[in-house]
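The values are calculated or read from the model by the stated rules, or taken from the named source; none is laboratory data. Predicted model only: the values in this text are computed from it and were never measured. No Cβ is skipped: glycine too gets one built from the backbone with ideal geometry, and neighbour counts run over all protein chains shown.
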Amino acid sequence: MAKAARWVETGENPAILAFLSQPPAETLLAIHNLSGRRQVVDLPVTAGSRFEDVFSGQVYTSEAALHLEIEPYAYLWLKEI
């Protein structure tokens, strides 16, 4: 059975929209900056989780949270690896 998709808590930052999808094959975290300014966000994920940007191939590793800096109107689609 597939896990449910859900919104991800972005703290007090209304400019960031984050969504976690967990179909049977893979986990995808989509993060969108809806503002015209660079945004910094710490997303609550399991410590030690690793994600790969599906477009650039860049790898992100979480510590206590997944720390991201996102350019204006940019988005990241991160696949858990």
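Miscellaneous remarks
- For the criterion of being loosely packed, with under 12 Cβ neighbours inside 10 Å and at pLDDT below 95, Glu69 fails.
- Residue in the stretch 43-60 that is more than 21 Å from Ala4 (Cβ to Cβ) and among the acidic types (Asp, Glu) present: yes
- Some residue of the stretch 55-64 being touching a residue at least 24 places away in the same chain (Cβ under 8 Å) and either assigned to a strand (DSSP E or B) or surrounded by 14 or more Cβ atoms within 10 Å (Cβ to Cβ) (or both): no
- Condition met for Val40 (part of a strand (DSSP E or B) and of a type outside the set (S, T, N, Q)): yes
- Contacts under 8 angstrom Cβ, first residue in the stretch 68-81 being on the phi < 0 side of the Ramachandran plot, partner outside any loop (DSSP other than H, G, I, E, B) and aromatic (Phe, Trp, Tyr), 6 or more apart: Leu68/Tyr60; Leu78/Phe51; Leu78/Tyr60; Lys79/Phe51; Glu80/Phe51; Ile81/Phe51
Residue-by-condition table, conditions (1) among the aromatic types (Phe, Trp, Tyr); (2) assigned to a loop (DSSP other than H, G, I, E, B); (3) surrounded by 13 or more Cβ atoms within 10 Å (Cβ to Cβ):
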| residue | (1), (2), (3) |
| --- | --- |
| Thr10 | no, yes, yes |
| Gly36 | no, yes, no |
| Thr46 | no, yes, no |
| Glu52 | no, no, yes |
| Lys79 | no, no, yes |
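- The listed residue being in contact with a His (Cβ under 6 Å, 6 or more places away or on another chain) and among the hydroxyl-bearing types (Ser, Thr, Tyr), out of Tyr60, Tyr75: Tyr75
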